[in-house]
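The next block holds one structure in the form of structure tokens; read it before the comments.
The values are calculated or read from the model by the stated rules, or taken from the named source; none is laboratory data. Since we're looking at a predicted model, the values are computed, not measured. Cβ coordinates were reconstructed from backbone atoms using ideal geometry, including for glycine residues, and neighbour counts include every protein chain displayed. SASA here: full protein model, heavy atoms, side chains in, ligands and nucleic acids out. Shrake-Rupley method; radii C 1.70, N 1.55, O 1.52, S 1.80 Å.
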Amino acid sequence: GTGTLDTTTNTPNTVEFTGTNITDIALTGVISSFNNLSLASGPQSWGGITLSLTSPEGLLHDAVYDKANGYAYFAADTDPGIIIKVRVSDMVRIGALTLTSAAGESFLEGAVIDTTRGFAYFSTSTTPTGHIIKVDLSTFTKAATLDTTAAGENEYHSAVIDVAAGYAYFITDAGPSTMVKVDIDPVRTPDFTTARVGAITFNAGENFLLAAAIDLVGGHIYLGTATTAVAGI
């Protein structure tokens with residue numbers, strides 16, 4: 001291609017190649033992936049690679065990313081639940097793990113990943129029993145399922161994880177909501193089916209907790225309600 005390569009202006013983190021058209025930029029060989037930035041009048045927008053899945057791999061509700069290995073895992077809110085593995089470098093569908101509808105492993109609406117130990121966890125929004133599915137990332141297979149049968153411990157919608165401490169927290173979409181603590185350290189709980197540590201049921205009005213964030217330094221979890229009259233955190 002034809003163009004100019006600037007290796008000094010934005011050093012040390014960025015080099016800039018300016019070409020006369022997209023073909024020139026693509027032909028340079030120095031760019032492993034390329035998104036076309038439209039410079040037309042009005043707001044700028046990114047274009048890129050789109051991966052279209054096929055039925056029934058729809059209703060994608062949550063996703064987790066294994067940056068070190070370059071894969072993303074998308075959870076489908078379907079019956080049965082489906083987890084789709086995608087190579088992010090070129091947006092190629094690697095495969096899909098279909099769970100078991102008869103076991104209640106459906107409607108996946110929460111996901112967290114523990115790349116240190118090599119597992120991802122997906123929760124269901126089923127009732128009256130909630131399910132948390134442990135997936136082995138190295139083999140892309142289901143490792144185990146934790147069933148939570150206590151009252152209110154179902155309809156999981158969001159989740160957060162503390163990898164260093166070895167715990168994940170799954171939050172229900174209910175009124176009032178409940179947060180279930182799960183031990184993800186295989187040394188402490190080699191049998192994941194017994195990994196439930198405990199649960200907190202929130203106060204009346206602290207309902208439908210659909211958003212969750214964790215502050216590992218401060219040691220707090222923040223949850224947002226989807227109530228219509230008065231929202232809360």
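Below are the figures for this structure:
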{"item": "Gained length - residue 115 relative to residue 164, 0.36 nm times residue gap less alpha-carbon distance", "result": "16.5 nm"}
{"item": "Neighbour net charge for residue 116 - beta-carbon separation under 15 angstrom, K R +1, D E -1", "result": "-2"}
{"item": "Neighbour net charge for residue 65 - beta-carbon separation under 13 angstrom, K R +1, D E -1", "result": "0"}
{"item": "Sites matching trypsin sites (Lys or Arg not before Pro) across the stretch 149-233 that sit in DSSP coil, with at most 11 neighbouring C-beta atoms within 10 Å", "result": "188"}
{"item": "Ranked order, 105, 155, 57 - accessible area, probe 1.4 Å, largest first", "result": "155, 57, 105"}
{"item": "Net charge contributed by nearby residues that have their C-beta within less than 13 Å of residue 129 (K/R +1, D/E -1)", "result": "-3"}
{"item": "Additional length obtainable on full extension of the chain from residue 13 to residue 210, 0.36 nm per residue less Cα span", "result": "67.2 nm"}
{"item": "Residue 88 accessible area, assembled protein chains, probe 1.4 Å, Å²", "result": "50"}
{"item": "The stretch 53-174: translational diffusion in µm²/s, Stokes-Einstein, Kirkwood Rh over Cα pairs, 20 °C, 1.002 mPa s", "result": "151"}
{"item": "Candidate lysines for bridging to residue 67, where Cα separation is under 18 Å - those fewer than 8 sequence places away on the same chain excluded", "result": "85"}
{"item": "Loop trypsin sites (Lys or Arg not before Pro), the stretch 62-150 (other Cβ atoms within 10 Å of the site Cβ: 10 or fewer; DSSP)", "result": "67"}
